[in-house]
1. Return the total of residues in the stretch 175-192 being surrounded by fewer than 17 Cβ atoms within 10 Å (Cβ to Cβ) and either within 17 Å of residue 320 (Cβ to Cβ) or not assigned by TED's automatic domain parsing to the domain that holds residue 277 (or both).
2. On the basis of being surrounded by fewer than 23 Cβ atoms within 10 Å (Cβ to Cβ) and either modelled with pLDDT of 95 or more or not assigned by TED's automatic domain parsing to the domain that holds residue 277 (or both), does residue 201 make the cut?
3. Which of (1) within 23 Å of residue 132 (Cβ to Cβ); (2) at pLDDT 85 or above; (3) surrounded by 14 or more Cβ atoms within 10 Å (Cβ to Cβ) is the odd one out, the single condition residue 288 does not satisfy?
4. Taking the options 101, 186, name whichever one is touching a residue at least 60 places away in the same chain (Cβ under 8 Å) and over 19 Å from residue 5 (Cα atoms).
5. I'm checking my understanding of the structure. Among residues of the stretch 23-46 that are within 21 Å of residue 238 (Cβ to Cβ) and touching a strand residue (DSSP E or B) at 6+ places or on another chain (Cβ under 6 Å), which one is surrounded by the fewest Cβ atoms within 10 Å (Cβ to Cβ)?
6. Considering only the stretch 68-92, how many residues are touching a residue at least 40 places away in the same chain (Cβ under 8 Å), surrounded by fewer than 18 Cβ atoms within 10 Å (Cβ to Cβ) and closer than 15 Å to residue 8 by Cα?
7. Among the numbered conditions (1) under 23 Å from the mean Cα position of the chain (by Cα); (2) farther than 23 Å from residue 16 by Cβ, tell me where residue 119 comes up short.
8. With respect to the numbered conditions (1) farther than 19 Å from residue 19 by Cβ; (2) surrounded by fewer than 24 Cβ atoms within 10 Å (Cβ to Cβ), which one is the sole condition not fulfilled by residue 266?
């Protein structure tokens, strides 16, 4: 076996949770060349990963949108002569790309939209973390993986940009990061609640850095206020520079979104706030130094695997019943601050 391909064309968090597949594959077969197929938005986190030989960009909403362009990409993959393809993503297009490679071994899940693309089909198990589900795809290769946390590798430029921002705002070695953003609106902890969380973290950590993309600017504006101890890096950093900010932090507080998976890559203490989604979907923080805060016992949870743009029953109880004080207390516990303070 000389050449392998991993196909994951979903969101950033999904790609991060597929990295353990790459890492275990490389450790099991050190001479193996491993390519990774991803969309443009997520490819940036893969370029610096030492176990990935080539990042292949599938621009499904742009360059490769037409059937002709899609088939052209499929042909390019076939000419790469892959020996094995691992496809954690369950979409139709990902399965068709994997099947089109003609690789002798093609492994995917039984919930794939086109599972006949695969030579080996593994069950997608509910109640199992996504990392472990993905690693099960390696079993047809004779690999019995143990626990494997994802690893990200910010380059020297990413590190320097993050360091300059922290230095410019007088942020030292102890600080908390808050990520208020999410792709799905119902996964967002209310802005006014998150502002109270930040105010509660300031006396403990001294500084709080708010991170996110440009789409999170409105949410950040409702949190930052005028306190110089609250530093907004929203819309200012690349994804990997934001990852470096999380790597250096003493704590991350975030919604059910990509930053909690970044924190898993660095073992950064994490408080994840879950509203419409549940841990059984398998997308909670993978590292042990973390906690998921959720309101159990609500009949309406979960309302969907992704959340949505509005609460189906117009109460948003799953988030509004989680008090900011509870989030702050869990932050102190997970970060170890409460132990040091004698609480």
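1. Selection size over the stretch 175-192: 3.
2. No; evaluated as a whole, the condition is false for this residue.
3. (3)
4. Values: 101 fails: over 19 Å from residue 5 (Cα atoms).
Going through 101, 186 in turn, just one is touching a residue at least 60 places away in the same chain (Cβ under 8 Å) and over 19 Å from residue 5 (Cα atoms): 186.
5. The qualifying residue surrounded by the fewest Cβ atoms within 10 Å (Cβ to Cβ) is 40.
6. 1
7. Here residue 119 clears every test but (1).
8. Exception for residue 266: condition (1).
The values are calculated or read from the model by the stated rules, or taken from the named source; none is laboratory data. On a predicted model such as this, the values are computed, not experimentally measured, just so you know. For neighbour counting, all protein chains shown are included, and Cβ atoms are generated from backbone atoms with ideal geometry for every residue, glycine included.
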